[in-house]
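Colleague: One structure, as structure tokens, below. Some questions next.
The values are calculated or read from the model by the stated rules, or taken from the named source; none is laboratory data. Just so you know, these numbers come straight off a predicted model, no measurement behind them. Neighbour counts run over all protein chains shown; Cβ positions are idealised from the backbone, glycine included. In case anyone asks, the SASA skips ligands and DNA or RNA and just uses the protein heavy atoms, side chains included. Shrake-Rupley method; radii C 1.70, N 1.55, O 1.52, S 1.80 Å.
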Amino acid sequence: MFGSITATVYPQQISVPSQYGGFTGATESNGLLGFFVGVLSFVIVVVVWKLLCELLLIIFRCLEVYISKNSTHE
């Protein structure tokens, strides 16, 4: 999603043959930039997701230790 938005927002100028001879300029979406931004955003999202999961795991382990220390065993 971020890659396609980036490719559309930052178009590139290309040269195309003119019907009168020579070349003229045209714009098209920047697919290469969109691809790299898409891959980079995917990697960032995966790292953030991993950090959130690890944080939840630490919280649950702390909760488990807290409960085991404060429970009354008779």
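Colleague: Within segment 12-33, is even one residue part of a helix (DSSP H, G or I), open to solvent by less than 100 Å² (accessible area, probe 1.4 Å) and among the hydrophobic types (A, V, I, L, M, F, W, C)?
Modeller: From segment 12-33, those part of a helix (DSSP H, G or I) are 31-33; that's our starting set.
If we keep only those that are open to solvent by less than 100 Å² (accessible area, probe 1.4 Å) too, we end up with 31, 33.
Add one more test, that the residue is among the hydrophobic types (A, V, I, L, M, F, W, C), and what stays is 33.
Scanning segment 12-33 turns up at least one residue that is part of a helix (DSSP H, G or I), open to solvent by less than 100 Å² (accessible area, probe 1.4 Å) and among the hydrophobic types (A, V, I, L, M, F, W, C).
Colleague: Right, something else. Can you tell me how many residues within segment 34-67 are over 18 Å from Met1 (Cβ atoms) and open to solvent by 70 Å² or more (accessible area, probe 1.4 Å)?
Modeller: Residues meeting the conditions: 17.
Colleague: Only residues that are within 29 Å of Val43 (Cβ to Cβ) and either of a type outside the set (Asp, Glu) or free of Cβ contacts under 8 Å to residues at least 12 places away in the same chain (or both): list them for segment 15-33, please. Write out each step before concluding.
Modeller: Initial filter on segment 15-33 (within 29 Å of Val43 (Cβ to Cβ)): 27-33.
Correct list: Thr27, Ser29, Asn30, Gly31, Leu32, Leu33.
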